[in-house]
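Student: Just passing along the structure, written as structure tokens.
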Amino acid sequence: MHHPTSLDELQRLVAAAARVRALGSGHSFNHVADTTGDLVVLDRMLDLVEIDSAAAKVRVGARMTYARLAPRLHEAGFALANMASLPHISVAGSVATGTHGSGEGIPSLAAAVSGIDLVTADGSPLSLRRGDADFPGAVVSIGALGIVTSLTLDLVPAFELRQYVREGLPVEALSDFDTIMSSGYSVSLFTDYRDTRVWLKREEELTTPDWYGTTAADGPRHPLPAMPADSCTVQLGVPGPWHERLPHFRPDFPPSGAGDELQSELLVPREHAVKALRELYAIGDRIRPVLQISEVRSVAADDLWLSPFHGRDSVGIHFTWIRDVAAVMPVLELVEETLAPFEPRPHWGKLFTRLPECPERFRSLVRRLDPEGKFGNDFTRVLLGE
């Protein structure tokens, strides 16, 4: 494992390696980052944050986490349009695997990228900007094209949100799914396919006492019903900065209240979301024995070739499983079979067994930038059909 301290050192390391992959913050549940060769961690590289106020953009080093970036943006009067539920994750790793937040009309974290800089297989740097022919293939790339060194992100003006937790959403309310999911800037459903809570992150105060037949939580809640809420961001409708409300979890606590878990996520087309969820509720008795919680979120379409949201508005159905691979995998296969008619796509950093078809133009881009497969591993070789 290597910890380069400069771009020059990284370039020399990559040029000399036979096989090499980069590690982000390590929040993945499969072998996407594995390699039989060298691993690179950029934790000793420059902690880059360059805000261009006139252009409303920021250039950040690949090692940067959202937890460290967001307060600096807010102090300068800016925000990111979206954040994941965990702020602890690295910008580069989140983007490369298609990580997302939640919000009607709001795309994934990768969609905010307008520029990307990476070191390619021969050690030379490559910079791509939105509008370049290869750019849509280089953003969500699961590390198959090179070692990302920095990214340029679009910014929006800083804003405030209020976070509410509503309990007891009736199953019948799924018929109003579109309205529910558009009832806030960011909306998540947490369910075990029997009992369902709603996390509402709104700019406006919520004044409806019996909102969709639910009741207001009488105190802070953790997404896992049995867990204390100390690690969670402020709730109960108290207004606060965007970066202290969009994530579910606080950066000064461990990134999960349970920690002992496996995760999967499948993204289905927005128009099939209600049918897909009804099918999962129907097999809830088979899911619950290995499930900690499931989260449902909306994600807008993007044009990034390998993105799970490429070309279609989507709903992400996320599963936090118990940490028992032997017990979980048969249930995951059942879930994938149940959702198969709806053409699900997986989150690249989580567990799945069914690969979607890899776009030929991404294969061509990999062959051109990495003809010897220096950045390849078992995960990418299966995806690319090698």
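Student: Once the piece of chain linking ARG367 and VAL41 is laid out straight, how much longer is it, given 0.36 nm per residue of separation minus the C-alpha distance between them? Please report the intermediate quantities before stating the final value.
Tutor: On the way: separation 326, 0.36 × 326 = 117.36 nm, distance 2.44 nm.
Result: 114.9 nm gained on full extension.
Student: Report relative contact order for the stretch 66-120 in percent, whole number only (criteria: Cα-Cα under 8 Å, sequence separation at least 6).
Tutor: 31
Student: A further question on this structure: Around ALA217, what is the net charge, scoring Lys/Arg as +1 and Asp/Glu as -1 over all other residues with Cβ under 10 Å from its Cβ?
Tutor: Its environment carries a net charge of +1.
Student: Compute the distance from the alpha-carbon center of the stretch 1-70 to that of the stretch 162-227, in whole Å.
Tutor: 37
Student: Hey, another quick one. What is the sum of charges around LEU246, taking Lys and Arg as +1, Asp and Glu as -1, for the other residues whose C-beta is under 13 Å from the C-beta of LEU246?
Tutor: +3
Student: Oh, and also: Below 11 angstrom from the Cβ of ARG59, what's the summed charge of the other residues (Lys, Arg +1; Asp, Glu -1)?
Tutor: My count for the surroundings of ARG59 gives -2.
Student: Under a 5 Å amide H to amide H cut-off, with H placed in plane at 1.01 Å, what residues pair with SER25 once short-range neighbours are removed?
Tutor: Answer set, sorted by chain and number: SER90, GLY93.
Student: Here's a follow-up. How about LYS350: which aspartates and glutamates have a C-alpha closer than 18 Å to its C-alpha, ignoring those fewer than 8 places off in the same chain?
Tutor: ASP34, ASP260, GLU261, GLU265, GLU295, ASP324, GLU333, GLU336, GLU337, ASP378
Student: Mind giving me the nanometre distance, one decimal, between the label points for ASP132 and ASP378, set 7 Å out from Cα along Cα→Cβ?
Tutor: Distance between label points: 3.3 nm.
Student: Show the residues, 5+ positions off or on another chain, whose built amide H is closer than 5 Å to the amide H of LEU304.
Tutor: GLY311
Student: Separation between the ALA54 and GLU343 pseudo-spin-labels, each 7 Å from Cα along Cα→Cβ, expressed in nm?
Tutor: It is 4.4 nm.
Student: Compute the distance from the alpha-carbon center of the stretch 272-298 to that of the stretch 336-363, in whole Å.
Tutor: Each part's Cα centre sits 18 Å from the other's.
Student: Nearest 10 degrees, 0 to 90: what angle lies between the long axis of helix 360-369 and the longest principal axis of the chain (Cα atoms)?
Tutor: Once rounded, the angle reads 40 degrees.
Student: A further question follows. Using label points projected 7 Å from each Cα along Cα→Cβ, tell me how many nm separate VAL171 and PHE159, to one decimal.
Tutor: 3.5
Student: Moving on to the next point. Treating the stretch 160-346 as a set of equal point scatterers at the Cα positions, no solvent, please give the Debye-formula log₁₀ I(q)/I(0) at q = 0.10, 0.11, 0.14, 0.18 Å⁻¹.
Tutor: Taken in order of the listed q values, log10 I(q)/I(0) reads -0.40, -0.49, -0.81, -1.35.
Student: With an 8 Å cut-off on Cα pairs and a minimum separation of 6 or more residues, tell me the relative contact order of the stretch 1-94 in percent.
Tutor: Values: 123 pairs, mean separation 25.9, N = 94.
With pairs under 8 Å counted, the relative contact order is 28 percent.
Student: Also, I was wondering about something else. Using Cα atoms only, what is the angle between the long axis of helix 273-282 and the major principal axis of the chain, expressed in degrees (0 to 90) to the nearest 10?
Tutor: 70
Student: A follow-up question, please. Relative contact order of the chain, please, whole-number percent, based on alpha carbon pairs below 8 angstrom and at least 6 residues apart.
Tutor: Working: 847 pairs, mean separation 74.0, N = 386.
Taking the mean separation of contacting Cα pairs over the length of the chain, I get 19 percent.
Student: Let me ask something else. Can you tell me the 0 to 90 degree angle between the C-alpha axis of helix 325-339 and the longest principal axis of the chain, rounded to 10?
Tutor: Its long axis makes an angle of about 80 degrees.
Student: Setting aside same-chain residues fewer than 8 positions from LYS57, which lysines have a Cα under 26 Å from its Cα?
Tutor: Excluding near neighbours in sequence, the set is LYS201.
Student: Can you give the FRET efficiency to the nearest 0.05 for ARG354 and LEU236, using r as the Cβ-Cβ distance and R₀ = 45 Å?
Tutor: On the way: r = 41 Å, r/R0 = 0.90.
Plugging the Cβ-Cβ distance into 1/(1 + (r/R0)^6) gives 0.65.
Read the figures in this text as sums done on the coordinates, not as results from a lab. These figures come from a predicted structure and were not determined experimentally. Methodologically, a virtual Cβ is constructed for each residue, glycine included, from the backbone with ideal geometry; neighbour enumeration extends over all protein chains shown.
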